[in-house]
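For reference, the structure is listed below as structure tokens.
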Amino acid sequence: MAIDSLDEITFDNLNDIFNSLTDCVIVLDGNAKLLMINPIFCKLIGTTPENCIGKETKDLIAEGLYDRSVVYETIETGQEVSAIIKTGTGVDLLSRSRLLHDSEGNIKFVVVTSTPMSVLDNLRVELDRQHRLSDRYLAELEHLRKLLLLDGDFIFESREMKALLDVVKRVAPLDFTILITGESGVGKEVLAKTIHKNSSRKNIFIPVSIPAIPDNLFESELFGYKEGAFTGSLKGGKIGLFEVAQGGTLFLDEVGDIPYPMQVKILRTIENGEITRVGCTKTTKLDVRIIAATNRDLRKMVKKGTFREDLFYRLNVVPLNIKPLRERREDIEPLCHYFLRDINNRHDLNKYLLVNALDELKKCNWPGNIRELRNVLEQLVIKSDENCISEKDVKSVCFSSIADNIPPEKKRLPQEALKEYEAFEQSRILEALKQTDGNKSKAAELLGMTRTKLYRRLKM
């Protein structure tokens, strides 16, 4: 039944509230005799309420439940007293004691609250980290934002990323062609936009996803076409993406997927600075800066004959490589805090990561890099029952990400990516075995797979 006013709060209600407190609480009389004790305190000192109620504090000390008390000093001095006590179970507690008086000034109750030092240490570390983020880190980031007009998603703390941005600062104002390499999800387009914003071509940024363009439409989409160039062409023709980017930046994402027959035409466009629309003989001069990106090894593709060597050198004038998240783990923490703040702000929530949860996130390999990290944090926000996201929450989300079978999208990936995915699965299994002290049955249960499948995955 709902409680509508303070008048309806009964003793039973108060007792329920008292027993639900997460801090340790005891209430005593003026002679240090225990009147009330909540379950969490009993759990930490290794006893039951029945064993404590009616006894004096000195009796519990004599039983070895804890080594000292602040109660007697509080009764003697009339002042609030704090001290660290050690329980018989080996837990250190910060204990605080204060008096409650009746209307005549006599001691009515002594109230003692205690908090495990481990909890306080976690809070201290978390506060230190938050202060660092809000002061030093954010001040440094703001400085870089002013210098490089950084996007909101460009969050980092590692030396590798700072060194990369030093290069960006030098090359952004120059019109050199740039090739950005790195695994999927590391932020190649974000880096391309940063370069664009710090160039003289700030107004027009045209991103082109090469894999999204069907091979039979590739030439007409990039170079445009003249009216009547082919059946179904639009009246008046169509301008291509190279011309749309006139005076600005054209970002060619995943250039490793450019069809081989089209590579020579793109090469000529870059070399000559002009294009010819499909079905047209007249050339159009271009004033476009090219920034290309790929998650593939173009040098290997050149050796295999699937990517033109001359085009590679035209694109690779200024090579910039973004390392995967697993090789710059210092960036995981600020990214987590940034994403959580963004999710909290958008959904009016107050979720935060416990220290152990953050440490667990730092252990992950993140084959999907920043994109995967954000996805996991969104899942954690949804799945966590409390505002605090625990280590257990992180493990449940990360371990459940390993499906019983390779997902359909993984089956379509190049062989190298499949091998990387299999290596990731093996690493998660090894982590599960570590968590379960080598117990394969428990590890399989933790990962949501049969023991047979676990053995099979380990042999991949």
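Listed values, structure above:
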{"quantity": "All positions within segment 167-184 that are acidic (Asp, Glu) and closer than 19 Å to VAL288 by Cβ", "calculated": "ASP175"}
{"quantity": "Some residue of segment 352-360 being β-branched (Val, Ile, Thr), at pLDDT below 75 and either surrounded by 14 or more Cβ atoms within 10 Å (Cβ to Cβ) or in a helix (DSSP H, G or I) (or both)", "calculated": "no"}
{"quantity": "Top-ranked residue of segment 9-67 - restricted to ones that are over 42 Å from the mean Cα position of the chain (by Cα) and hydroxyl-bearing (Ser, Thr, Tyr), ranked as surrounded by the fewest Cβ atoms within 10 Å (Cβ to Cβ)", "calculated": "THR10"}
{"quantity": "Answer residue from segment 195-226, given it is part of a helix (DSSP H, G or I) and among the charged types (D, E, K, R) and is nearest to VAL244 (Cα to Cα) among those", "calculated": "GLU221"}
{"quantity": "Complete set of residues in segment 265-282 that are more than 27 Å from VAL171 (Cβ to Cβ) and out of contact with any strand residue (DSSP E or B) (no Cβ under 8 Å at 6 or more places or on another chain)", "calculated": "THR281"}
{"quantity": "Any pair with Cβ under 8 angstrom, 6 or more apart, that starts in segment 268-288 at a residue that is closer than 15 Å to ALA229 by Cα and ends at one that is of a type in the set (Asp, Glu) and not in a loop (DSSP other than H, G, I, E, B)", "calculated": "VAL278/GLU219"}
{"quantity": "In segment 66-105, the residues that are among the hydrophobic types (A, V, I, L, M, F, W, C) and touching a Phe, Trp or Tyr at 6+ places or on another chain (Cβ under 8 Å)", "calculated": "ILE85, LEU93, LEU99, LEU100"}
{"quantity": "From ASN316, ASN295, residue being surrounded by fewer than 17 Cβ atoms within 10 Å (Cβ to Cβ), closer than 30 Å to MET161 by Cα and under 37 Å from the mean Cα position of the chain (by Cα)", "calculated": "ASN316"}
{"quantity": "Restricting segment 174-194 to residues that are in a strand (DSSP E or B) and over 24 Å from the mean Cα position of the chain (by Cα), the residue that is farthest from ASN369 (Cα to Cα)", "calculated": "ILE178"}
{"quantity": "Cross-chain or 6+ apart pairs with Cβ under 8 Å, segment 367-385 first and without any contact (Cβ under 8 Å) to a residue 40 or more places away in the chain, then assigned to a helix (DSSP H, G or I) and charged (D, E, K, R)", "calculated": "LEU380/ASP393; LYS383/ASP393; SER384/ASP393"}
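Conditions (1) closer than 23 Å to ASP175 by Cα; (2) at pLDDT below 95; (3) not assigned by TED's automatic domain parsing to the domain that holds LEU298, marked per residue:
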position: GLY224; (1), (2), (3): no, yes, no
position: GLY228; (1), (2), (3): no, yes, no
position: GLY232; (1), (2), (3): no, yes, no
position: PHE251; (1), (2), (3): yes, no, no
position: PRO261; (1), (2), (3): no, yes, no
position: THR284; (1), (2), (3): yes, yes, no
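The values are calculated or read from the model by the stated rules, or taken from the named source; none is laboratory data. Just so we're clear, the structure is a prediction, and the values are computed from it rather than from any experiment. Glycine gets a Cβ as well: all are built from the backbone with ideal geometry, and neighbour counts include every protein chain shown.
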